[in-house]
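The values are calculated or read from the model by the stated rules, or taken from the named source; none is laboratory data. Remember, predicted model here, so these are calculated numbers, not experimental data. Please note: Cβ atoms are built from the backbone with ideal geometry, for glycine as well, and neighbour counts cover all protein chains shown. Ligands, DNA and RNA are excluded from the accessible area calculation, which covers all protein heavy atoms including side chains. Shrake-Rupley method; radii C 1.70, N 1.55, O 1.52, S 1.80 Å.
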Amino acid sequence: MDDADAGDGAASGGTKRKAPAAAAAKGKAAGKGKAASKAAESASATAKESSLLKQKSPAEFFAENKNIAGFDNPGKSLYTTMRELVENALDSAESISELPDIEIIIEEITKSKFNTMIGLVDRERIDEELYDDFESVKAREKRLAKEARFQETQAKNAALGKKVKEAPAARGKGRGEAAFFRVTCKDNGRGMPHDDIPNMLGRVLSGTKYGLRQTRGKFGLGAKMALIWSKMSTGLPIEIKSSMKGQNFISFCRLDIDIHNKNLTIQFARRTDVMPPIPLQTKHHPSAVDLLLIKRLISETTKQNLLQFLQHEFVNISKSHAERLIGEMGPDFSAKTTVKSLTSQQLVRIHQLFRQAKFDDPSGNVCTLSTFICVFSVYFLLLSQIYSEYNLRLGIIKELHPDLVATHASSPQVFEGHPFIVEAGISIGGKDVKHGLNIFRYANRIPLLFEQGADVITRTALKRINWSSYKINQQQDKIGVFVSIVSTKIPFKGTGKEYIGDDITEIASAVQSALKQCCLQLKSKIVKKLQARERQDRKRNLNRYIPDVARAIMETLGEIADESPPKRPRYDKEDEELLEKVNSEEVTEMTFRDCLTQHVEQVDYEMALEYAMQSGVSEEPREAFYLNSLEGSYKFTDFRSPVFVFRFIH
């Protein structure tokens, strides 16, 4: 019999004066010397760190990638914890041929009760504007006005018998205001030997279910992930009571966990010989850290006091912001507090404040755009490290030879404290391209080849883009959709890095926006092509009738010119001159053909100019102009900067 109890977080005076010129020159030289020395030291430290071999324990790996085991978010983590415990209980009962008798208890614990359990005193807020759920007077008035308009619209729809929509969800709790849960599972299974309990529930990738045998569990990971999640969200261990048949005692363990302790050759032609920028290492964003990470940062930091620790171990915390945060933590904290002496309760307080406070979004400079493309068959694409949106366009042109191409790279955006950038390209037409949507997905320069139907890129392209509004036929046109997502953390679903789920709003919105920008560029090109085709058709139709019209005019004028002169003049002087030229054959049918042809050209030009003036050329989406790279060998000199390379061809 086993009894497992796991805490599961749901949120989670006199000086000599020098001559001004000499002092300035000396100061400038000293400044250059210091800057050069600092740059050299930084480069040396970076090179040393990049060559240092590092290792991670399995527990640390799964703690950093908890979504692999189904711990994507607080709600799913609670469900996965319960499911793993129930699966273990069922397998244990079946192993001794006993009908399972399982009891699951889920107890909700508020933040105040949790703080009381660990001995942390709740404090009233001092600086309300510091918190993420702060609502200004102007924002509150705007929200109330919006709700009033919605209610008024719903009342009108109800009176007219129209469908009434559900009211939008109210503003939720702040990140730090969610509850905690205690999960208890009791069963009548085999039980666990006392000495094996730490390994069976505390050592990642250890278990009794390996081998070719049908069991619910397989990898020796689920229950351990429940323990890791409990530690990450609450800092508390789990408690286990177990007894085996014929055993006259009950084992009790309070379990913690230390997560730190034949040949084939394929060759591809290189698309570029310029390396992309190396991704920069960044620090942790305060809103994305957990208790275990804070403890590890404290154990590894070289900073002595709390103020320096907050400034130098996290991004987007300035000195003034750090001082405000420390003031909000309470009287037990000060700027000079030694970080190594912080208690568990104080660490929980810091973690809770990080979850509630406002911070600027992290920079996207740590993301390197992953542009491609190299194709090894119609269905299989490999990624080569190429340079930004320029090479994305050239890569698509090189491999698919499409009629039209559009590309777009989004600005940096944020998901759970991690920056990400979406890069997209759409092509129309091309060789070896099937009719309809042909979707190619990439994440951190890795092609995603499986589980396409569940991926956020596929679902966005199929369901969230109205292709017809951009003059694109989703069924008949040959459409290539290329999307690459780069980030310091890609929220893959599963250990195989097969797809990115469609449940992450920030990423789904960014993918949709990038694809729409490409579609707008294509629509502009398609509309221009359609207009040019219409003008050609119009000119063709008019030119088709020019010979008949010219012949009819010439015949009419010839008949008039052959008539006997009237007693009184019936025509103007210009008409008389025209008739004389017709009689003298100075004006012929070919003369009228040429005049009509020139008139058609002039009318066509004036209509195109009038359309451009009415539609406004400035309203069309701007698009960068790209040149194809030179082929063959040549001499060159590269001028490099942190963001681009300028190649001067000799």
- Residues 133, 127: which one is within 30 Å of residue 354 (Cβ to Cβ), of a type outside the set (Gly, Ala, Ser) and exposed (fewer than 14 other Cβ atoms within 10 Å of the Cβ)? 127
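Do we find that residue 441 is open to solvent by 50 Å² or more (accessible area, probe 1.4 Å) and either in contact with a Cys (Cβ under 9 Å, 6 or more places away or on another chain) or assigned by the TED database to the domain that holds residue 408 (or both) in this structure? Working first, answer last.
Details: open to solvent by 50 Å² or more (accessible area, probe 1.4 Å): no; either in contact with a Cys (Cβ under 9 Å, 6 or more places away or on another chain) or assigned by the TED database to the domain that holds residue 408 (or both): yes.
Judged against the criteria, residue 441 is not a match.
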- Task: Determine which single condition residue 200 fails, assuming it passes every other condition in (1) modelled with pLDDT under 85; (2) part of a loop (DSSP other than H, G, I, E, B).
- Result: (2)
- Message: I'd like to verify a number: residues in region 436-452 that are part of a loop (DSSP other than H, G, I, E, B) and touching a helix residue (DSSP H, G or I) at 6+ places or on another chain (Cβ under 6 Å), how many?
- Response: 0
- Filter pass, residue 147 being of a type outside the set (Lys, Arg) and either open to solvent by 100 Å² or more (accessible area, probe 1.4 Å) or closer than 24 Å to residue 324 by Cβ (or both): no
- Task: Looking for whichever is outside any helix (DSSP H, G or I) and in contact with a Cys (Cβ under 7 Å, 6 or more places away or on another chain) here; the options are 433, 486. Which one fits?
- Result: 486
